[in-house]
């Protein structure tokens with residue numbers, strides 16, 4: 001199985017790569033801006049499974065002009081892809097009245113624009129029967145409880161949910177399924193930044209196992225679905 005995971009240097013993305021690397025039948029490309037953390041991830045995967053095949057790829061998803069070159073490079077590692085997990089995300093915890101345009105763009109460039117155009121660039125590499133899993137947030141679900149300081153982040157994750165539904169329709173002819181997991185509280189650095197005094201419901205490793213299982217099997221039952229994954233609020 002050929003798998004690409006964005007936002008792989010830490011948190012949930014890091015753990016997702018570890019889960020997939022347990023099988024020698026998987027080849028995982030781990031994408032992040034942080035080269036040092038990616039290398040540490042590869043070394044840990046190798047310690048856990050000497051046969052692990054994890055290719056680190058250092059890239060900032062907001063460097064949109066370089067996407068054609070990035071895809072060419074990815075093709076040298078992995079000519080075709082079965083699973084794409086769009087996990088990269090950015091959060092700024094700041095009151096709505098004080099968010100400026102640069103901060104707004106910084107969040108949307110990663111959470112929405114990067115996801116949109118990286119997925120678009122990846123379509124020619126996706127195998128028929130491929131599965132794209134977009135990672136959103138319970139805060140991006142209409143009707144869920146919202147929190148102060150997260151207006152821009154929640155709006156961006158809401159955009160990911162709607163985009164997922166649209167992509168599933170557009171990619172039917174390509175036989176590619178697209179789903180979205182809207183996560184509740186996972187004990188990551190991002191969660192701690194958003195909720196400094198809250199206790200998360202899940203560990204990154206626990207959630208990563210769920211996401212990996214869903215990426216492998218969820219396409220059999222779902223397409224164009226936005227699925228909340230939460231037992232608590234947030």
Inset, instruction - Test each condition in (1) surrounded by 14 or more Cβ atoms within 10 Å (Cβ to Cβ); (2) at pLDDT 95 or above; (3) farther than 17 Å from residue 135 by Cα for residue 93 and report the one that comes out false. - result: (2)
Legend entry - Filtered residues of the stretch 145-186 (kept if without any contact (Cβ under 8 Å) to a residue 60 or more places away in the chain, part of a loop (DSSP other than H, G, I, E, B) and over 18 Å from residue 218 (Cβ atoms)): 146, 148, 149, 150, 173, 185
Inset, instruction - Considering only the stretch 92-108, state which residues are outside any helix (DSSP H, G or I) and under 19 Å from the mean Cα position of the chain (by Cα). - result: 92
Legend entry - Sole exception among (1) at pLDDT 95 or above; (2) crowded, with 16+ Cβ neighbours inside 10 Å for residue 120, by number: (2)
Inset, instruction - Could you tell me which residue of the stretch 214-228 is surrounded by the most Cβ atoms within 10 Å (Cβ to Cβ), considering only residues that are assigned to a loop (DSSP other than H, G, I, E, B) and either touching a strand residue (DSSP E or B) at 6+ places or on another chain (Cβ under 8 Å) or modelled with pLDDT under 95 (or both)? - result: 223
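Restricting attention to the stretch 96-116, which residues are touching a helix residue (DSSP H, G or I) at 6+ places or on another chain (Cβ under 6 Å) and surrounded by 15 or more Cβ atoms within 10 Å (Cβ to Cβ)?
Looking only at the stretch 96-116, we keep the residues that are touching a helix residue (DSSP H, G or I) at 6+ places or on another chain (Cβ under 6 Å), and these are 96, 99, 104, 107-108, 111-112.
Scanning the stretch 96-116 gives 99, 104, 107, 108, 111, 112.
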Inset, instruction - Within the stretch 62-83, identify whether any single residue is touching a helix residue (DSSP H, G or I) at 6+ places or on another chain (Cβ under 7 Å), assigned to a strand (DSSP E or B) and free of Cβ contacts under 8 Å to residues at least 60 places away in the same chain, and answer yes or no. - result: no
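Per-residue answers, yes or no, for (1) modelled with pLDDT of 95 or more; (2) under 27 Å from residue 3 (Cα atoms):
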{"site": "56", "(1), (2)": "yes, yes"}
{"site": "68", "(1), (2)": "yes, yes"}
{"site": "87", "(1), (2)": "yes, yes"}
{"site": "100", "(1), (2)": "yes, no"}
{"site": "106", "(1), (2)": "yes, yes"}
{"site": "112", "(1), (2)": "yes, yes"}
{"site": "126", "(1), (2)": "yes, yes"}
{"site": "147", "(1), (2)": "no, no"}
Inset, instruction - Quickly run through the stretch 136-156 and pick out the residues that are surrounded by 22 or more Cβ atoms within 10 Å (Cβ to Cβ) and closer than 20 Å to residue 208 by Cα. - result: 136, 137, 139, 140
Legend entry - Number of positions in the stretch 190-213 that are in a helix (DSSP H, G or I), under 15 Å from residue 138 (Cβ atoms) and at pLDDT below 90: 3
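When you check residue 140 against the structure, is it free of Cβ contacts under 8 Å to residues at least 24 places away in the same chain and touching a helix residue (DSSP H, G or I) at 6+ places or on another chain (Cβ under 9 Å), yes or no?
Details: free of Cβ contacts under 8 Å to residues at least 24 places away in the same chain: no; touching a helix residue (DSSP H, G or I) at 6+ places or on another chain (Cβ under 9 Å): yes.
Taking the combined requirement at face value, the residue does not satisfy it.
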Inset, instruction - Take the stretch 32-51 and flag every residue that is in contact with a helix residue (DSSP H, G or I) (Cβ under 8 Å, 6 or more places away or on another chain) and either within 23 Å of residue 186 (Cα to Cα) or buried (at least 22 other Cβ atoms within 10 Å of the Cβ) (or both). - result: 32, 37, 41, 44, 45
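The values are calculated or read from the model by the stated rules, or taken from the named source; none is laboratory data. Since the model is a prediction, treat every value here as computed from it, not as a measurement. Glycine also receives a Cβ, built like all others from the backbone with ideal geometry; neighbour counts cover every protein chain displayed.
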